[in-house]
Amino acid sequence: MSDENVFTVQELASYLKMRPVTIYKHAKEGRLPGFKVGANWRFKRSSVDRWIANQEEKENNQTR
């Protein structure tokens, strides 16, 4: 797995256009797919992209 496929909190915040504090909160609550390496959160790009697609699908199903 290359570094390009794993986000730090700061990188994910930029990717999702969210504040880092929100990323930490959602990760701790299990609302974002992530894992800890020591004390630091990491997020696989493929998991985040799947999560985004699932969020879109949920939203589309609710508006029908």
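The values are calculated or read from the model by the stated rules, or taken from the named source; none is laboratory data. Fair warning: this is a prediction, and the values are worked out from it, not measured in the lab. Cβ placement follows ideal geometry from the backbone for every residue including glycine, while neighbour counts extend to all protein chains displayed.
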- prompt: What number of residues within region 31-64 are over 11 Å from the mean Cα position of the chain (by Cα) and of a type in the set (Phe, Trp, Tyr)?
  reply: 0
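Would you say Arg19 is under 10 Å from the mean Cα position of the chain (by Cα) and not small (Gly, Ala, Ser)? Break it down stepwise before answering.
On the way: under 10 Å from the mean Cα position of the chain (by Cα): no; not small (Gly, Ala, Ser): yes.
It is false that Arg19 is under 10 Å from the mean Cα position of the chain (by Cα) and not small (Gly, Ala, Ser).
Can you list the helices (runs of 4 or more DSSP H) found entirely within the chain that contain at least 2 residues being in contact with a Leu (Cβ under 6 Å, 6 or more places away or on another chain)?
On the way: elements: 9-16, 20-28, 45-62.
By residue number, 20-28.
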- prompt: Do we find a residue being surrounded by 14 or more Cβ atoms within 10 Å (Cβ to Cβ), out of contact with any strand residue (DSSP E or B) (no Cβ under 9 Å at 6 or more places or on another chain) and either of a type in the set (A, V, I, L, M, F, W, C) or modelled with pLDDT under 95 (or both) anywhere in region 20-29?
  reply: no
query: Pairs, please: C-beta under 9 Å, at least 6 apart or cross-chain, first residue touching a residue at least 24 places away in the same chain (Cβ under 8 Å) and in region 31-43, second surrounded by 10 or more Cβ atoms within 10 Å (Cβ to Cβ) and among the polar types (S, T, N, Q)?
result: Asn40/Thr8; Trp41/Thr8; Arg42/Thr8; Phe43/Thr8
task: Sort out which residues of region 44-64 are exposed (fewer than 11 other Cβ atoms within 10 Å of the Cβ) and either of a type in the set (Lys, Arg) or touching a residue at least 24 places away in the same chain (Cβ under 8 Å) (or both), and write them in order of number.
output: Lys58, Arg64
